[in-house]
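Q: Okay, handing you the structure first.
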Amino acid sequence: MALQTLKTLCNYVGNQATAASEEYLEVTSPHDGNTIAMVPLSTAEDVDVAVTSAKAAFGAWSGLTFKARSAYLLKLYVELQAHAEELAELVVLEHGKNMAEARGDVAKGLETLEYALSLPQLTQGRVAYVSNGVQCRDERVALGVVGGIVPFNFPFMVPFWTIPIALGMGNTYVLKPSEKVPMTMTRVAELASQVLPPGVLNIVHGDAKCAQALVEHAGVRAIAFVGTSMVAEQIYKRATELGKRVLALGGAKNHLVALPDCDVEMTAQDVVNSFAGCAGERCMAASVLLVVGEQPELVERIVAKARALEPGSDGA
């Protein structure tokens, strides 16, 4: 990978790299433990700068037609698609996924961005004629600034679960990536600055204190969180107390059931792929396998395939 392996990161606010706190955290390579970047631990003041930028951009951005916003998102899609391989390499560098999984991470995120291009057709609203001279009408109105807090396991895909939809609906966005994998979304912000108006998408780096400041900022109207169930509950409780809209996604417990007539080879491979893919660091990883009836051959094949795994290989 022809990538710079040591970089001091900045926040990205108003389409500009912005200096933040003087306190930094080392970003270490999962491959060898070496330091590959330094990420700032943003303060509440740094968060305020980003939210202020997003608020300033909200009026003009939300005032655009759906079609006009979709045109911007299409430009973003084209820009990110052109750099998809570079983004996948960054995912490998800072997260440790193998290249196949990293490419999948980027591809799935881009799918959501592509879906958001259809929002003009998907969110047209309704008019109901409920009585003589009486109409009821649905309207979708942008909230304002949305704050996003995301985990380390999918550096590109998970942020793009919400960024394209929020922007397409007329909101502006402040994202706090995981401090463990901050490089991918910093590069996204650099690329986005070439096609989006200033302040529409902003990045603030930091730890839990930064996340708390984002949740509690009076200028943030909605919070989107993905992470552990414990933190999801805490953020949901605090944000709703403050009158914010909240999407709080926690962990998962996935159960697989193998019926007596299952294809043994296919089932064994699928089970191993489920719990070992992405090193098991994903919400759809298999946690429990319930085998119906006596199926010793299935169990033996699962054990054999698991023992044969090589870290870093496709599917491992």
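Q: To the nearest µm²/s, what D does Stokes-Einstein give for the range 56-171 at 10 °C and 1.306 mPa s, using the Kirkwood radius over alpha carbon pairs as Rh?
A: 99 µm²/s
Q: For ILE36, which sequence-distant residues (separation of 5 or more, or a different chain) have an amide H within less than 5 Å of its own amide H, given hydrogens modelled in the peptide plane?
A: VAL27, THR28, SER29
Q: Something else now. At most 15 other C-beta atoms within 10 Å and a DSSP loop state: those are the exposed trypsin sites (Lys or Arg not before Pro) I care about. Give me the longest piece of the chain that has none.
A: Answer - 1-125.
Q: What FRET efficiency, computed as 1/(1 + (r/R0)^6) with R0 = 35 Å and r the Cβ-Cβ distance, is obtained for ASN254 and LEU74, rounded to the nearest 0.05?
A: Between ASN254 and LEU74 the formula returns 0.50.
Q: Convert each backbone phi in the range 166-179 into a coupling constant with the Karplus relation 6.51 cos²θ - 1.76 cosθ + 1.60 (shift: θ = phi - 60°), then list the ³J(HN,Hα) values in order as whole Hz, x for Gly and Pro.
A: So the Karplus estimates, Gly and Pro as x, are 4, 5, x, 7, x, 7, 10, 9, 10, 10, 10, x, 5, 5 Hz.
Q: Pairs to check: LYS67/LYS253; LYS97/LYS209; LYS55/LYS108; LYS7/LYS209; LYS97/LYS244; LYS55/LYS253. Give those whose C-alpha atoms are more than 32 Å from each other in this structure.
A: In this structure, LYS67/LYS253; LYS97/LYS244; LYS55/LYS253 exceed 32 Å between Cα atoms.
Q: With axes computed from alpha carbons, what is the tilt in degrees of helix 84-95 against the longest principal axis of the chain, rounded to the nearest 10 within 0 to 90?
A: For helix 84-95, the angle is close to 70 degrees.
Q: For a quick check of your reading of the filter: which GluC sites (Glu not before Pro) in the range 71-160 sit in a DSSP loop and have no more than 11 other Cβ atoms within 10 Å?
A: For GluC sites (Glu not before Pro) across the range 71-160 that sit outside H, G, I, E and B with at most 11 neighbouring Cβ atoms in 10 Å, the list reads GLU139.
Q: Counting other C-beta atoms within 10 Å, which of HIS95, HIS255, HIS217 has the fewest, and how do the rest follow?
A: HIS255, HIS217, HIS95
Q: Same structure, new question: Once you place label points 7 Å from the Cα toward the Cβ at LYS237 and GLU139, how far apart are they in nm?
A: Label at LYS237, label at GLU139, 3.7 nm between them.
Q: While we're on this one: Quote to one decimal, in nm, the extra length available between LEU122 and ALA17 on full extension: 0.36 nm per residue of separation minus the C-alpha distance between them.
A: Fully extending the segment from LEU122 to ALA17 adds 34.3 nm.
Q: Once the other residues with Cβ under 9 Å from the Cβ of VAL204 are scored (Lys, Arg +1; Asp, Glu -1), what is the net sum?
A: Summing Lys/Arg as +1 and Asp/Glu as -1 gives 0.
Q: While we're here: Place a +1 charge on the Cβ of each Lys and Arg in the range 254-307 and a -1 charge on the Cβ of each Asp and Glu, then give the dipole magnitude about the Cα centre in debye, rounded to the nearest 20.
A: Taking the Cα centre of the range 254-307 as origin, the dipole is about 280 debye.
Q: For the chain, just say rounded, prolate or oblate: build the C-alpha gyration tensor, square-root its eigenvalues into a ≥ b ≥ c, call rounded for a/c under 1.5, and beyond that prolate if a/b exceeds b/c, oblate if not.
A: oblate
Q: Nearest 5 percent is fine: what portion of the DSSP beta bridges confined to the chain is antiparallel?
A: In the chain, DSSP labels about 35 percent of beta bridges as antiparallel.
Q: Could you give the Stokes-Einstein D for the range 254-307 in µm² per second, using the C-alpha Kirkwood radius, 20 °C, 1.002 mPa s?
A: 191 µm²/s
Any read-out appearing in this document is the output of simple, stated calculations on the displayed coordinates, not a laboratory observation. Given the structure is predicted, the values throughout are model-derived calculations rather than measurements. FYI the Cβ positions are ideal-geometry reconstructions off the backbone, even for glycines, and counts take in every protein chain you see.
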